[in-house]
Amino acid sequence: MTTSTRGAARTPAVLVLEDGRIFRGRAYGAVGETFGEAVFSTGMTGYQETLTDPSYHRQVVVMTAPHVGNTGVNDDDPESRRIWVAGYVVRDPARVPSNWRSRRALDEELAAQGVVGISGIDTRALTRHLRERGAMRVGIFSGDTAADDATLLARVQEVPLMKGADLAAEVATREPYVVPAVGEKKFTVAAVDLGIKGMTAQRMAQRGIEVHVLPANATVDDVYAVEPDGVFFSNGPGDPATADHPVSVMRAVLERGTPLFGICFGNQILGRAIGFGTYKLKYGHRGINQPVQDRTTGKVEITTHNHGFAVDAPLDQVSDTPFGRAEVSHVCLNDNVVEGLRLLDKPAFSVQYHPEAAAGPHDAAYLFDRFVSLMEGQRA
Ligand SMILES: NC(=O)CC[C@H](N)C(=O)O
């Protein structure tokens, strides 16, 4: 399936959207074919963190930044053990990576991991198309997979939809593991892995938390077997409407009043656990430059996002839920999408975005401290 980088760059490739729009370019990374949901990311840095974020499972990521691969690939920045994006779309790949940490070129790494991509297309036109028509299914084809456009389009139209996709168990760890606290251990946290990013556990460990990462199908008994001071629900791929099992585990945690924190998928699960619905956004939020207001302080922070779904909750009123009162704590200033939830009668909160933000910005790192405060409060 893979060829050398230099060979791939000369191989024609075609990107076919489910509505029939077609872009022609050159193969990038592996030569072959791939399918997924086309989404765009506006991050200008941090492509390694993006590629290895398990929440991108089954998504073909279009980079709006025109020049990608400049700093090559290092062994420090991956968020998980592999690249998860289903495909990668860039306008103008770096020919010569340059960075003191770089070990390989990005196109070589994509090829080595069998990730099919395309370069040399008008990513601005593609992004505008996705903004107008919404995220949609896509295929990338190069090498032996070339066929007439109608045949390729028919295949793209058979790709499963992201709506209704239950994917967390496909990316999460199968065995529990422990990330030790850095320095003195102060707390134990049970972290339900729905597609966790490595830096999330690190940010907790840096605060003296011993993190017990549990598989997506962990039961309430598994969670309490580690005698947690707090419970965490991670980010993850797929449609939160399918996450019935984590929702039921979270309800048990809320019932017991254990401090609880959720990120991204975890925020959608908290929304569902307390009775709100979730819905698919037209084209989602992905990038590292999204303005969010913390309504509990009024402060605006610039934040990292990767979500295609959101919680449907009233912005300007406190809601009565089966677990007491709840409010929307954070909101996206671009489009008023719910970006965080807070329970007023239980020690539980969550955000839709990424305070661990390994590629930065770090404005939202205080949320890990809030989780620590909740656990301290419970002990006092
Ligand atoms: N990063 C995430 O956890 C994403 C959550 C969910 N899969 C979404 O697209 O909205």
Provide a single number: the residues in region 245-259 that are buried (at least 22 other Cβ atoms within 10 Å of the Cβ) and within 16 Å of the ligand (Cβ to nearest atom). 2
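Of the residues that sit in region 19-63 and are of a type in the set (S, T, N, Q) and crowded, with 21+ Cβ neighbours inside 10 Å, which one is nearest to PRO237 (Cα to Cα)? Before you say what the answer is, go through the steps one by one.
If we filter region 19-63 for residues that are of a type in the set (S, T, N, Q), which is where we start, we get 34, 41-42, 45, 48, 50, 52, 55, 59.
Now drop any that are not crowded, with 21+ Cβ neighbours inside 10 Å, which leaves 34, 41, 48, 50, 52, 55, 59.
Details: THR34: 18, SER41: 15, GLN48: 17, THR50: 13, THR52: 12, SER55: 4, GLN59: 9 Å.
The qualifying residue nearest to PRO237 (Cα to Cα) is SER55.
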Hey, among PRO97, PRO66, which residue is touching a Gly at 6+ places or on another chain (Cβ under 9 Å) and either modelled with pLDDT under 95 or over 26 Å from CYS264 (Cβ atoms) (or both)? PRO97
Any residue in region 145-171 that's part of a loop (DSSP other than H, G, I, E, B): show its pairings with residues that are surrounded by fewer than 18 Cβ atoms within 10 Å (Cβ to Cβ) at Cβ separation under 6 Å, as long as the two are six or more apart or on different chains. ASP166/THR242
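Would it be correct to say that ARG272 is over 23 Å from the mean Cα position of the chain (by Cα) and outside the structural domain of THR50 (by TED's automatic domain parsing)?
Numbers: over 23 Å from the mean Cα position of the chain (by Cα): no; outside the structural domain of THR50 (by TED's automatic domain parsing): yes.
For ARG272, the condition - over 23 Å from the mean Cα position of the chain (by Cα) and outside the structural domain of THR50 (by TED's automatic domain parsing) - is not met.
Which one of SER41, SER80 is under 21 Å from GLY284 (Cα atoms) and within 16 Å of the ligand (Cβ to nearest atom)? Step through it out loud before you land on a result.
Details: SER80 fails: under 21 Å from GLY284 (Cα atoms).
None of the others qualify; the one that does is SER41.
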Return yes or no: is GLY340 touching a residue at least 40 places away in the same chain (Cβ under 8 Å) and buried (at least 18 other Cβ atoms within 10 Å of the Cβ)? yes
Unmet requirement for ALA30, which otherwise passes all of (1) at pLDDT below 95; (2) under 17 Å from LEU110 (Cα atoms): (1)
For the subset of region 223-244 comprising residues that are of a type in the set (Phe, Trp, Tyr) and more than 10 Å from the ligand (Cβ to nearest atom), which member is farthest from PRO180 (Cα to Cα)? TYR224
Enumeration of residues in region 177-206 that are more than 23 Å from GLN268 (Cβ to Cβ) and assigned to a loop (DSSP other than H, G, I, E, B): PRO180, ALA181, VAL182, GLY183, GLU184, LYS185, LYS186, GLN206
Residue within region 202-213 that is within 16 Å of the ligand (Cβ to nearest atom) and either assigned by TED's automatic domain parsing to the domain that holds ALA359 or in contact (Cβ under 8 Å) with a residue 24 or more places away in the chain (or both) present: yes
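Determine if region 119-126 includes at least one residue that is assigned to a strand (DSSP E or B) and on the phi < 0 side of the Ramachandran plot. First the steps, then the outcome.
First pass over region 119-126, keeping only residues assigned to a strand (DSSP E or B): 119.
From the residues that got through so far, the ones that are on the phi < 0 side of the Ramachandran plot too are 119.
Yes, that holds for at least one residue.
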Going through ALA169, ALA146, ALA201, ALA150 one at a time, which residue ends up being among the small types (Gly, Ala, Ser), modelled with pLDDT of 95 or more and within 22 Å of LEU126 (Cα to Cα)? ALA150
Regarding region 356-364, can at least one residue be identified that is free of Cβ contacts under 8 Å to residues at least 40 places away in the same chain, farther than 24 Å from GLY46 by Cβ and in the same structural domain as HIS307 (by TED's automatic domain parsing)? no
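The values are calculated or read from the model by the stated rules, or taken from the named source; none is laboratory data. Every value quoted in this text rests on a predicted model; they were computed, and no experiment measured them. FYI the Cβ positions are ideal-geometry reconstructions off the backbone, even for glycines, and counts take in every protein chain you see.
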